[in-house]
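Below is one structure, written out as structure tokens; comments come after it.
The values are calculated or read from the model by the stated rules, or taken from the named source; none is laboratory data. Because the structure is a prediction, the values reported are computed rather than measured. For neighbour counting, all protein chains shown are included, and Cβ atoms are generated from backbone atoms with ideal geometry for every residue, glycine included.
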Amino acid sequence: MKGLLDTVAAGRAALPQTTGYCRGKSMKKIDRRAFLKRSLSIGAGLTGLSAACASAGPKNILSTERMGVLVDTTVCIGCRNCEWACKQAHEIPTAPIETYEDKSVFDAMRRPDDKALTVVNRYADRTRPGVSHAVKVQCMHCARPACVSACIVGALSKQENGAVVWDTAKCIGCRYCMVACPFQIPAFEYHKALQPRIMKCDFCFERRKCGKLPACVDICPVEALTYGPREDLVGIARSRVRRFPKRYVNHVFGEYEVGGTDWLYLAGAAFADLQFPKLGQNPAPGVSESIQHGIFAYFIPPVSLYALLGVLMWISKHNPKTDEGA
Amino acid sequence: MQALMRPTPMRVKFVTPGVVVLILLALNGLVFLAGRFLFGIGAVTNLDNQYPWGLWIGLDVAAGVALAAGGFTTAALAHILRREEYNVVVRPALLTAMLGYTFVAFGVMIDIGRSYYIWHPIVMWNGNSALFEVGICVVIYVTVLYIEFLPVVTERFIGQMRLWGALAWLNQPVDRLLRSLDRGLSKTLFVFVIAGVVLSTLHQSSLGTLMIIAGPKMHPLWQTPILPLLFLLSAISVGFPMVIVESLLAARSFGLKPEMAVLSRLGWMTTPLLGVYLAFKIGDMFVRKTFVHLAELDLQSVMFVVEVLAGVVLPLRMLLMRRVLKSPALLFTAAMLVVAGVALNRFNNFVVAYTPPYSFGRYVPSFGEISVTVGFICMLALLYRAAVMIFPVISRPDRSLAPKDKFTVRG
Ligand code: SF4
Ligand code: SF4
Ligand code: SF4
């Protein structure tokens with residue numbers, strides 16, 4: 001165990017120290033930023049063609065420097081502090097942190113929703129009595145996100161720092177992203193008549209912009225969550241599996257699933273037992289995008305169909321047999 | 001025969017007992033619609049974070065688009081292939097498509113959380129999104145449908161402008177406007193007719209692409225990369241049956257003699273279309289070996305079997321029989337089965353087949369959702385009735401009531 005914690009610590013120490021310098025600063029700055037953004041989006045709504053809308057389509061940047069988080073479910077103690085911190089960071093009302101000690105919530109499986117962007121579930125081990133696995137669930141920040149490909153207006157985008165974020169100024173609330181996401185993550189505010197939002201983990205985009213850690217990573221008391229460049233995290237995960245083959249199943253979930261995700265998981269039991277979805281390695285949007293682009297390849301198919309029909313029409317018009325009625 | 005038939009506005013009383021029922025059902029739908037706009041989608045529907053799409057997308061939108069396919073199939077038949085004898089069904093089919101798509105737009109409008117942003121896709125593009133493609137095509141196609149319908153409007157009002165009172169001065173200029181519109185349209189309408197067919201094939205198939213991205217969340221009986229093709233083929237094969245159903249309903253409702261000669265030929269032409277669709281549907285099942293799921297005997301397998309047997313195989317068999325083609329009642333039954341089968345297929349694809357890994361109980365449409373859908377269908381029927389009473393849509397034998405107007409244009 002000690003060796004393991006060393007690795008974890010080493011892994012963290014090796015990361016660029018992006019944390020800290022902004023930690024003590026007051027929330028005011030962020031508030032102002034949020035306010036600015038909000039007024040911008042109102043402007044966008046009014047003019048319809050603001051800077052936000054001018055860039056057509058999602059950006060879908062895939063930087064090799066992008067960050068991720070390695071969730072080690074064998075370290076997680078199920079304290080659910082991350083749930084509380086996440087709500088705090090996203091202005092979602094929450095009960096005081098003391099109430100999170102209540103372990104009865106683990107009785108039923110929970111999913112992230114519009115009131116909780118991340119939840120922790122606990123699963124009893126199937127073979128070893130008394131052993132259980134706590135699994136934090138949130139958006140996986142896919143490298144090739146289905147939600148980004150699907151969104152009708154490009155309200156979802158993959159950012160350079162790895163986060164998949166949602167833009168309230170564009171979203172029309174069609175919920176196609178929810179249909180598309182292979183991890184069933186985006187949630188919708190069904191009980192709002194005005195400006196219902198798509199709610200999902202945004203990898204603490206605003207916090208990270210000023211150098212802070214994601215709120216859940218920051219609060220985790222046992223360092224079950226490791227924040228860092230995704231490429232490094234894959235290395236750390238692999239070395240942990242190699243060094244402690246008894247502790248882990250030999251699988252880094254997210255390394256290859258649906259084309260790779262920026263959040264990665266290690267576990268001490270088969271991922272299927274922990275209710276991870278069974279997914280292939282092809283990016284989720286692959287098939288639909290190639291069909292879509294096949295139908296529209298440079299507009300050749302529609303234009304040729306148009307021409308063909310025009311010719312047909314011309315022929316039948318000049319065909320004496322069918323012409324009699326005209 | 002062509003010379004004897006002529007589109008005329010129906011002259012009947014608008015309100016009948018049936019119409020009163022339709023109005024009541026429409027009002028009931030409006031009540032729940034008000035609830036949706038006042039308290040949010042969650043207040044009226046059973047949708048949740050596990051099942052984001054339900055009855056409104058599955059029926060109002062997806063089935064609505066499919067059943068409006070009569071518009072482009074008859075337009076292709078009568079205008080592109082120039083089979084003039086089918087002109088009598090073009091206008092009713094066009095009107096259905098126009099009203100149908102209008103209600104599809106309403107359906108989208110009420111289902112999206114931010115209805116007031118419905119114009120966003122027009123300026124914010126995401127070419128990767130199948131939904132974006134469907135949205136844009138539908139917007140353009142609705143416009144094209146309205147343009148295609150314009151000749152019917154000009155035919156009705158040229159030389160017939162009878163505004164009175166303070167508006168009487170408008171009669172002259174409006175008449176002149178209509179006449180120039182009419183002249184322009186008779187030369188250019190073919191552009192729109194072809195565009196309508198192209199746009200229809202595009203978005204009918206893209207509607208099938210929609211669910212592909214859901215991947216394993218969609219039941220394997222329906223999830224296939226050839227979904228766009230299946231959607232297109234089924235849309236093409238439901239076009240004529242929809243026209244048959246409509247014509248027979250209208251004939252009964254307005255006390256006309258059904259156009260059996262035309263309708264039974266339409267029924268006959270449906271068989272190869274339906275056959276091709278069936279071949280692809282069954283072929284796909286064997287290629288992907290999904291028939292193993294049929295043995296599971298759950299909701300999905302039962303719905304699949306019902307969809308294929310009652311919605312495709314049975315009507316196909318019926319339409320191959322001479323007796324069915326000759327009898328209005330049997331033809332109606334067969335056509336209705338095709339229509340219901342395709343509607344069920346769309347509902348299955350978008351709702352029944354959607355089986356997400358995490359779920360807290362299956363989605364079942366709420367009373368409110370059903371009310372709104374029923375209300376929309378009733379409103380559509382009412383508008384159809386009103387439209388055929390105002391505009392020359394339905395053809396009836398010309399008993400030399402009036403000499404042929406010299407501005408008559410085929411729409
Ligand atoms: S997990 Fe779902 S919501 Fe998150 S990036 Fe991937 S597709 Fe999008
Ligand atoms: S609900 Fe919003 S974010 Fe999701 S696909 Fe629709 S427009 Fe995009
Ligand atoms: S990264 Fe931020 S938004 Fe995502 S779960 Fe952690 S605290 Fe919540």
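Values computed for the structure shown
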{"quantity": "B:Leu229 vs. criteria within 10 Å of chain A (Cβ to nearest Cβ) and in contact (Cβ under 8 Å) with a residue 40 or more places away in the chain", "calculated": "yes"}
{"quantity": "Residue tally, condition at pLDDT 95 or above, over 26 Å from A:Gln281 (Cα atoms) and aliphatic (A, V, I, L, M), over the range A:183-198", "calculated": "1"}
{"quantity": "Filtered residues of the range A:183-202 (kept if assigned to a loop (DSSP other than H, G, I, E, B), touching an Asp or Glu at 6+ places or on another chain (Cβ under 8 Å) and not hydroxyl-bearing (Ser, Thr, Tyr))", "calculated": "A:Glu189, A:Pro196, A:Arg197"}
{"quantity": "Candidate set from the range A:104-128 (those that are away from ligand 2 (no atom under 16 Å from the Cβ) and charged (D, E, K, R)); member that is surrounded by the fewest Cβ atoms within 10 Å (Cβ to Cβ)", "calculated": "A:Asp107"}
{"quantity": "Only one of A:Val241, A:Val303, A:Val252, A:Val234 that is β-branched (Val, Ile, Thr) and touching a Leu at 6+ places or on another chain (Cβ under 6 Å)", "calculated": "A:Val252"}
{"quantity": "Index of the failed condition, A:Ser239 passing every other in (1) more than 16 Å from the chain's Cα centre (by Cα); (2) of a type in the set (Gly, Ala, Ser); (3) buried (at least 16 other Cβ atoms within 10 Å of the Cβ)", "calculated": "(3)"}
{"quantity": "All positions within the range B:9-47 that are surrounded by 19 or more Cβ atoms within 10 Å (Cβ to Cβ) and of a type in the set (S, T, N, Q)", "calculated": "B:Thr45"}
{"quantity": "From the options B:Phe407, B:Phe360, B:Phe391, residue that is modelled with pLDDT under 95 and in contact with a Ser or Thr (Cβ under 9 Å, 6 or more places away or on another chain)", "calculated": "B:Phe407"}
{"quantity": "Failed criterion for A:Glu101 (all others in (1) without any contact (Cβ under 8 Å) to a residue 60 or more places away in the chain; (2) under 25 Å from A:Phe276 (Cβ atoms); (3) away from ligand 1 (no atom under 15 Å from the Cβ) hold)", "calculated": "(2)"}
{"quantity": "Residue check, B:Leu185 touching a residue at least 12 places away in the same chain (Cβ under 8 Å) and more than 8 Å from chain A (Cβ to nearest Cβ)", "calculated": "yes"}
{"quantity": "Considering residues of the range A:194-220 that are within 16 Å of ligand 2 (Cβ to nearest atom) and aliphatic (A, V, I, L, M) only, the residue surrounded by the fewest Cβ atoms within 10 Å (Cβ to Cβ)", "calculated": "A:Leu194"}
{"quantity": "Single unsatisfied condition, B:Trp222 versus (1) among the aromatic types (Phe, Trp, Tyr); (2) under 21 Å from the mean Cα position of the chain (by Cα); (3) outside any helix (DSSP H, G or I)", "calculated": "(2)"}
{"quantity": "Test: residue in the range A:129-141 that is under 20 Å from A:Arg66 (Cα atoms), within 10 Å of the chain's Cα centre (by Cα), within 16 Å of ligand 2 (Cβ to nearest atom) and touching a residue at least 12 places away in the same chain (Cβ under 8 Å)", "calculated": "yes"}
{"quantity": "Lone qualifier among A:Val217, A:Val241, A:Val222 - being touching a Phe, Trp or Tyr at 6+ places or on another chain (Cβ under 6 Å) and within 16 Å of ligand 3 (Cβ to nearest atom)", "calculated": "A:Val217"}
{"quantity": "Members of the range A:121-147 found to be more than 16 Å from ligand 1 (Cβ to nearest atom) and not basic (Lys, Arg), listed by number", "calculated": "A:Asn121, A:Tyr123, A:Ala124, A:Asp125, A:Thr127, A:Pro129, A:Gly130, A:Val131, A:Ser132, A:His133, A:Ala134"}
{"quantity": "Filtered residues of the range A:93-138 (kept if of a type in the set (Asp, Glu) and over 23 Å from A:Ala187 (Cβ atoms))", "calculated": "A:Glu98, A:Glu101, A:Asp125"}
{"quantity": "Of residues in the range A:243-256 being farther than 14 Å from A:Val75 by Cα and in contact (Cβ under 8 Å) with a residue 40 or more places away in the chain, the one farthest from the chain's Cα centre (by Cα)", "calculated": "A:Arg243"}
{"quantity": "Checklist (1) away from ligand 3 (no atom under 14 Å from the Cβ); (2) touching a strand residue (DSSP E or B) at 6+ places or on another chain (Cβ under 7 Å); (3) of a type outside the set (D, E, K, R); (4) within 14 Å of chain B (Cβ to nearest Cβ) applied to A:Ile236, failing item", "calculated": "(4)"}
{"quantity": "Residue under evaluation A:His191, criteria (1) crowded, with 19+ Cβ neighbours inside 10 Å; (2) more than 15 Å from ligand 1 (Cβ to nearest atom); (3) within 11 Å of another protein chain (Cβ to nearest Cβ), criterion not met", "calculated": "(1)"}
{"quantity": "In the range A:190-214, the residues that are within 16 Å of ligand 3 (Cβ to nearest atom) and charged (D, E, K, R)", "calculated": "A:Arg197, A:Lys200, A:Asp202, A:Glu206, A:Arg207, A:Arg208, A:Lys209, A:Lys212"}
{"quantity": "Number of the exception - A:Pro182 against (1) crowded, with 18+ Cβ neighbours inside 10 Å; (2) without any contact (Cβ under 8 Å) to a residue 40 or more places away in the chain", "calculated": "(2)"}
{"quantity": "Total residues in the range B:97-148, condition within 12 Å of chain A (Cβ to nearest Cβ), charged (D, E, K, R) and not in a loop (DSSP other than H, G, I, E, B)", "calculated": "2"}
{"quantity": "Every residue from the range A:153-165 that is assigned to a strand (DSSP E or B) and in contact with a Cys (Cβ under 9 Å, 6 or more places away or on another chain)", "calculated": "A:Leu156, A:Ser157, A:Lys158, A:Val164"}
{"quantity": "Matching helices (runs of 4 or more DSSP H) fully within the range A:214-326 where at least 2 residues are modelled with pLDDT of 95 or more", "calculated": "A:215-219, A:230-243"}
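Listed here are the residues, each with its yes/no results for (1) farther than 30 Å from B:Glu259 by Cβ; (2) more than 9 Å from chain A (Cβ to nearest Cβ); (3) aliphatic (A, V, I, L, M).
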| position | (1), (2), (3) |
| --- | --- |
| B:Thr8 | no, yes, no |
| B:Gly18 | no, yes, no |
| B:Val21 | no, yes, yes |
| B:Leu27 | yes, yes, yes |
| B:Val31 | yes, yes, yes |
| B:Thr45 | yes, no, no |
